[in-house]
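What follows is a set of notes on a single structure, which appears directly below.
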């Protein structure tokens, strides 16, 4: 298909929200909130929010919030487990008795706050203090975050979620900022990109999380960090564009639709997006566009929600006519972000750079 089929994409995302989870997504039921974020944010970028019942969705999002049953100051630090669930199936309390497995998840809390912001909610029902205090207890001694309190992966993905949550709530007391910045710097690999953890292979998604978190932190932190090699990072990102035009996430991997956002947004942060072959990238994305709407990971595969969303984001970065521009660091449209984001312009990393001697 040689053109961006906006109408088909609107039907794809709106249909998902109306019909609910199909059999293909039942294994991801616990991530329903994130899937809804993909669909709602895509419709916002497509200028089609009028296709969905906004009020009903807002109420549904709030139904997934884990709230304190007592006054917050009565809770011990270990009991601070508040935020948003991915679905009701992950809430296992019965008859008002809480289970130690109940609790919010950082990625789901990010998704919830993003949806509410997109739909124009004022956060009046968000338990702000409970979320921020709970999040602070999720930060690890080395600066990274874990998404839940009872054992999980802990890496820069959840550090990004924490930075976005602090931005949405306009409250940075939930994060030790210098510790987080130090952790991010340690994640840069020898070849310039960032891994999810120190010493791991550089990855396009991990690089986005590192840079987006730094950009969000940079708006609030009095002091930044030094030691990041930005020229080497820029070179690594540009080398992720394959001969077919698409972006790959790692060296020697096939191009993948979602990296049109992960790598593309990272280049936007560095002011280097103009250096990639945008026409070749556009053709690569079109090769993954489904006639029924949505995008697949690779050409000729079936469309899925994640790659469909980031395919739309990729076209937004390419300035496709009729699409809203992105606030790349928050993962939502610039219109929805408003004053919370810095827009899609070049990030100013001066707060991260050492002073140059005269």
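Looking for whichever is in a loop (DSSP other than H, G, I, E, B), over 18 Å from the mean Cα position of the chain (by Cα) and over 29 Å from residue 338 (Cα atoms) here; the options are 142, 122, 171. Which one fits?
142
Suppose we filter 151, 104, 143, 174 for residues that are in contact (Cβ under 8 Å) with a residue 24 or more places away in the chain and at positive phi; which single one remains?
143 is the lone residue from the list that is in contact (Cβ under 8 Å) with a residue 24 or more places away in the chain and at positive phi.
Out of the residues in the range 266-325 that are within 19 Å of the chain's Cα centre (by Cα), buried (at least 22 other Cβ atoms within 10 Å of the Cβ) and free of Cβ contacts under 8 Å to residues at least 40 places away in the same chain, state the one that is nearest to residue 44 (Cα to Cα).
Applying the filter and picking the extreme gives 295.
Could you say which residue among 202, 152, 162 is closer than 30 Å to residue 64 by Cβ and buried (at least 19 other Cβ atoms within 10 Å of the Cβ)?
162
Checking residue 46 against (1) under 23 Å from residue 107 (Cα atoms); (2) surrounded by 21 or more Cβ atoms within 10 Å (Cβ to Cβ), which single condition isn't satisfied?
In the conditions (1) under 23 Å from residue 107 (Cα atoms); (2) surrounded by 21 or more Cβ atoms within 10 Å (Cβ to Cβ), residue 46 misses (1) alone.
What are the residues in the range 137-146 that are under 18 Å from residue 195 (Cα atoms) and crowded, with 22+ Cβ neighbours inside 10 Å, if any?
144, 145
Just checking, how many residues over the range 229-251 are within 24 Å of residue 144 (Cα to Cα), touching a helix residue (DSSP H, G or I) at 6+ places or on another chain (Cβ under 6 Å) and either at pLDDT below 95 or buried (at least 24 other Cβ atoms within 10 Å of the Cβ) (or both)?
Selection size over the range 229-251: 1.
Within the range 191-309, which helices (runs of 4 or more DSSP H) (wholly inside it) include 3 or more residues that are closer than 17 Å to residue 331 by Cβ?
Those helices (runs of 4 or more DSSP H) span 204-218, 259-269.
Would you check if there is a residue in the range 326-339 being modelled with pLDDT under 95 and surrounded by fewer than 19 Cβ atoms within 10 Å (Cβ to Cβ)?
Within the range 326-339, one or more residues are modelled with pLDDT under 95 and surrounded by fewer than 19 Cβ atoms within 10 Å (Cβ to Cβ).
The values are calculated or read from the model by the stated rules, or taken from the named source; none is laboratory data. On a predicted model such as this, the values are computed, not experimentally measured, just so you know. All Cβ positions, even for glycine, are placed from backbone atoms using ideal geometry, and neighbour counts span all protein chains on display.
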